[in-house]
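The values are calculated or read from the model by the stated rules, or taken from the named source; none is laboratory data. If you're wondering where the values come from, they're calculated on a predicted model, not measured in any experiment. When we count neighbours, we look across all protein chains shown, and the Cβ atoms used for this are built from the backbone with ideal geometry, even at glycine. The area values use the complete protein model at the heavy-atom level, side chains included, leaving out ligands, DNA and RNA. Shrake-Rupley method; radii C 1.70, N 1.55, O 1.52, S 1.80 Å.
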Amino acid sequence: IGAALRDDFAEWLRPVPSAAGLHLCALARPDASVDIGRWVDRARVAGVAVESLAAYGGPAGLVVGYGAIRLGDVADGLRLLRRYVR
């Protein structure tokens, strides 16, 4: 999951390193024009559940949960998200 965020979204996001947990965070790159709210809305339309990090008082970025989801489904969701934000 972290590799997909790092590789497939490198143009827009910078993953926050994490060794454990049930979610990953990725910060919007300051040099990229990213509308995280729009990404979250588009993801929802595609059936992909991501949240804005700002909803938790953080900076511009995404929260990707994976605790109760099959790993393959997370990868599929990230591919759908990438297609929708292009």
Sorted list, accessible surface of protein heavy atoms, 1.4 Å probe, largest first, for 56, 66 is 56, 66
On a 1.4 Å probe surface of the protein chains, which of 71, 5, 80 comes out largest in accessible area, and what is the full order? 71, 80, 5
Rounded to whole Hz, the Karplus (6.51, -1.76, 1.60) HN-Hα couplings of segment 28-45, x for glycine and proline: 5, 5, x, 8, 10, 8, 10, 9, 4, x, 5, 4, 4, 4, 5, 4, 4, 4
For segment 11-19, in order, what is each residue's ³J(HN,Hα) by Karplus, 6.51 cos²θ - 1.76 cosθ + 1.60 with θ = phi - 60°, in whole Hz (x at glycine and Pro)? 5, 10, 10, 10, x, 8, x, 8, 9
Under a GNM of the chain (C-alpha, springs under 10 Å), which listed residue has the highest mean-square fluctuation: 31, 41, 76? 31
With every protein chain left in place, what is the accessible area of residue 6 in Å² (1.4 Å probe, nearest 10)? 130 Å²
Need one value: the accessible area of residue 33 in square angstrom, 1.4 angstrom probe, rounded to the nearest 10. 120 Å²
Note: residue 8 to residue 79 extended length (0.36 nm per residue) minus current alpha-carbon separation gives 24.7 nm
Quick check on the chain: helices-only [θ] at 222 nm, where DSSP H runs of length 4 and up contribute -39,500 (n - 2.57) each and the sum goes over total residues. Nearest 500, please. -11500 deg cm²/dmol
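Over the chain, what is the mean sequence separation of C-alpha contacts under 8 Å (at least six apart), divided by residue count, expressed as relative contact order in percent? Before the final figure, lay out each step's value.
Values: 119 pairs, mean separation 25.3, N = 86.
Here the relative contact order equals 29 percent.
Under a Cβ-only charge scheme (Lys and Arg +1, Asp and Glu -1), can you give me the dipole magnitude of the chain about the Cα centre, in debye to the nearest 20? Walk me through the numbers on the way to the answer.
Details: 11 positive and 9 negative charges, 27 e Å.
Taking the Cα centre of the chain as origin, the dipole is about 120 debye.
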